[in-house]
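Values in this text are rule-based calculations from the coordinates and carry no lab data. In this text the structure is predicted, and so the values were computed from the model without any measurement. FYI the Cβ positions are ideal-geometry reconstructions off the backbone, even for glycines, and counts take in every protein chain you see.
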Amino acid sequence: MSALSRRRVLFGGAAVGAGALLTACTSNDPGTDAQVKTNASGDANAAAGQKVVIGFTAPAADHGWIAAITNNAKAQAAQYSDVELKSVEAGADAAAQRAAISTLIAQKPTVIVMLPWDGKELNSAGLEAMKAGIPVVNLDRAFPSAAAYRLQIKGDNYGMGLAAGQYIGEQLKAKGVSNPIIGEIPGIDSLELTQERTQGFNAALAVYGFKVANRRPAEFTADSGQAAATALLQALPKMDALWNHDDDQGIGVLAAIKQANRSEFFMVGGAGSKSAIDAISKDDSVLKATVTYSPSMASSAISLARLIGQGKGMSDLVELQVPKEITLASETITKDNAAKYAKLGF
Amino acid sequence: MIAETAPASQKKWRLDDNAVRNLGLVGVLVVLVIIGIVTKPELYSDPTWVRNNVLTILQQASAIGVVTVGMTFVIIGGGIDLSVGAIIALAGVWATTLATQSHGAIGMIFTALVVGIAVGLVNGVLISYGRLVPFIATLAMLVSARGLAAQISGKQTQVSANDTINSIATTKLLGVPLLVWILAVVVAAGWVLLNRTTFGRRTVAVGGNPEAARLAGINVKRHTVLLYALSGLCCGIAAIMLTSQATSAQAAMANLYELDAIAAAIIGGTLLSGGRGTIIGALFGVLVFSTITNLFAINNLSTEVQNMVKGGIIVAAVLIQQFRYRSLTQLLKR
């Protein structure tokens, strides 16, 4: 009996100790630097105007890019004294987001900014808001119906693939490689955005007469990137170039390359994360470039939603209202311009 | 169950049955390798590449293999653990917060293991003492553990800056990756635990017939808690292995590992209703999946087809299992 109680005391003590250490280990300081536009004086649009209530909803995804979207929207809204942001978590799927948007509409915000789970599935939610007289800013995932949004601001997935393909084509041409072996690691393959990126990539490579030798999809996570890259490297004992669609999964891709001790090729990333831009400017790995798909579009969306709410146009344009569609250009970040893009990394 | 009631001669026949199933899986592996040799002779003609390829397959099987060992115990014990992927994510994320990383590699490993065991204990207590169905309890844990992981990480990918942790994936002992050694140790320990200890005997008894086990004096509830804690511990180990491989952790990591682990255990001959299963069979199950992934990669075939083939293999394995089982019972009736 005494032995048993001693054991219990021992285990109990260990459990309490472990709990104490774990509690000490939870705190985390992500150090979020959001991508915001701090407006200099002199711009008439910057001056505080009529109060605008912006309703915001984005999927509660666990991916760095989506997290940056939400952070940026909040940070940009905080820059304006005349903007109040009502943020609603979109929940786990399109149906949950539709419900969230209904709640948002009932609160009668001036403008709604939404990153839909899926443009097609949430088209009706956009229409509902527009019908209720609330202008909708569609972020990144387009609605099929033009009546469902006032403004659409999105990245260019096809253009991203095009930019990556052009960079790889030019580099290989300059090196004089005639029959290059090119690998590709896309993100979740069933998504339309992944297919558009791949189409753009293939189209650009076709101009140089190149094609992809092997393609192993990952899932936008570092561990899936590591697994996909390991399989790809094993399949291609010699490679000339590699395009990885997403810098977040790229952490795992780079780890796999290091673990396999490979360095005979160069790699291009996608999205433009802070760690990727750092690696490019340090130039100490196979990662030589990345093509942007920047979550800064969320900051721009908030700025434009404010202008729409106040009935103002973009000050550099002649038109008195904000345009209907804006597609961001996918830019190629290399060692030469990495310093300029450092603050846009997420 | 049959094993306990069958006469000695048939019991011996049963043992052979396990061996036959394992041989069948080895046969599948051989077929996969032959397909590889036929489709990619230029790769297989290079001995260095072949050696590398074997090690790569083993290395990619290592983390999921460790999870499968824990899963096999839970399933033999009559349960199911749907939360393994989520536990890995939570343990990985918790081990890579800036605060944990400040405690060094030991702190990170300790955190991952303790988080794994703790979550497993919660699962076990909910199932044993809260009388929740394992499917529901671990499904709830799947959702909430990933939720907590997302909360802790702020939905960001947490990069491991610890060189010791990151070097686990690059270290080799006697030419074999450390990750593969870890898998070997876990499999060996699992085999001994299942086949050579009272804990293993009790697991089979609890899974086969909990009421009979209780009447035989086994503390079924406590044993069930221990089984889920064991599964949690395996997840903690796998979390460190995966974190080291990806040099980072995030809430979405180890996606759908529960399905891979259950599938590997099932095609390895573990009975989903409990009471029967082998660690070696589960290991072969993992290796079959890992080899298929490798085969599809070297032939640049799409992952969609790969998933369909995986599904087909699971169905085929269970069908064969049922067929064998049915013919065995018919044999006994005669």
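Things to note:
- Sites A:A260 and A:A339, calculated FRET efficiency, Cβ-Cβ separation with R0 30 Å, nearest 0.05: 0.45
- For the peptides B:114-124, A:132-142, the ranking by packing is B:114-124, A:132-142, with the highest mean count of neighbouring Cβ atoms within 10 Å listed first.
- Debye log10 I(q)/I(0) for the protein assembly as shown, one point scatterer per Cα, at q = 0.10 Å⁻¹: -1.00
- For the stretch B:98-211, a/c is not less than 1.5, where a ≥ b ≥ c are the root eigenvalues of the C-alpha gyration tensor, and a/b does not top b/c. That puts it in the oblate class.
- Computed packing ranks the peptides A:94-100, B:137-143 as B:137-143, A:94-100, most packed first, by mean other Cβ atoms within 10 Å.
- Partner shielding of B:238-248 amounts to 5, given as the average count of beta-carbon atoms from other chains within 10 Å of each residue beta-carbon.
- Residues of the stretch A:195-224 with an amide N closer than 12 Å to a point placed 7 Å from the Cα of A:K173 along the Cα-to-Cβ direction: A:204-210.
- In Hz, Karplus ³J(HN,Hα) per residue of the stretch A:162-171 (6.51, -1.76, 1.60; θ = phi - 60°; x = Gly, Pro): 4, 4, 5, x, 5, 4, 5, x, 4, 4
- The stretch between B:R51 and B:V38 holds 3.0 nm of extra length on full extension. This uses 0.36 nm per residue minus the Cα-Cα distance.
- 20 Å-binned pair-distance histogram of chain B (Cα, whole percent): 31, 57, 12, 0
- Only the Cβ atoms of Lys and Arg (+1) and of Asp and Glu (-1) were treated as charged; on that basis the dipole of the stretch B:2-333 about its Cα centre amounts to roughly 960 debye.
- Helix runs (DSSP H) in chain B reaching 30 Å along axis by Cα, Kyte-Doolittle at least -1.0: B:8-39, B:47-76, B:104-128, B:220-246, B:303-333
- Dipole of the stretch B:2-333 [Lys/Arg +1, Asp/Glu -1 at C-beta], most positive-end residue of B:A63, B:G312, B:S153: B:G312
- Here's how it looks for B:G77: its modeled amide H is under 5 Å from those of B:G275, which are all 5 or more places away or on a different chain.
- Stretching B:N219 away from B:L121 to a fully extended chain increases their span by 33.7 nm, per 0.36 nm per residue minus the current alpha-carbon distance.
- When peptides B:35-46, A:279-290 are ranked by their average number of other Cβ atoms within 10 Å per residue, the highest-first order is A:279-290, B:35-46.
- Around the Cα centre of the protein assembly as shown, unit charges on the Cβ atoms of Lys, Arg, Asp and Glu (plus for the first two, minus for the last two) sum to a dipole of about 2360 debye.
- Surrounding net charge for B:T138, when Lys and Arg each add one and Asp and Glu each subtract one, Cβ distance under 11 Å: -2
- Local electrostatic count, A:E84, Cβ distance below 11 Å [Lys/Arg +1, Asp/Glu -1]: +2
- Listed residue (B:I240, B:T270, B:L29) projecting farthest to the positive dipole end of the stretch B:2-333, Cβ model: B:T270
- Mean Cα-pair separation over length for the stretch A:157-292, i.e. relative contact order, pairs under 8 Å, 6 or more apart, %: 25
- Gyration tensor (alpha-carbon) shape descriptor, the stretch A:46-113, a/c threshold 1.5: oblate
- The mean count of C-beta atoms from other chains within 10 Å of the C-beta of residues in A:257-265, rounded to a whole number, is 2.
- Here the stretch A:306-329 is scanned for amide nitrogen atoms under 17 Å from the site 7 Å beyond the Cα of A:A47 along Cα-to-Cβ, giving A:307, A:310-316.
- 14 Å beta-carbon shell around B:P177, net charge (K/R +1, D/E -1): +3
- Taking each DSSP H run with n ≥ 4 as -39500 (n - 2.57) and averaging over every residue of the protein assembly as shown yields -20000 deg cm²/dmol at 222 nm.
- Pairs exceeding a 31 Å alpha-carbon distance, out of A:K37/A:K258; A:K173/A:K324; A:K74/A:K340; A:K211/A:K343; A:K343/B:K172: A:K37/A:K258; A:K173/A:K324; A:K211/A:K343; A:K343/B:K172.
- Of all DSSP bridge pairs formed entirely within chain A, close to 10 percent run antiparallel.
- For A:65-77, mean number of other protein chain Cβ atoms within 10 Å: 1
- Pairs of alpha carbons in chain A whose separation is greater than 39 Å (percent): 26
- Gyration tensor (alpha-carbon) shape descriptor, the stretch A:157-292, a/c threshold 1.5: rounded
- For the stretch A:157-292, the share of DSSP beta bridges that are antiparallel, to the nearest 5, is 0%.
- Placing +1 on the Cβ of every Lys and Arg and -1 on the Cβ of every Asp and Glu, with no other charges, gives the stretch A:261-346 a dipole of roughly 220 debye about its Cα centre.
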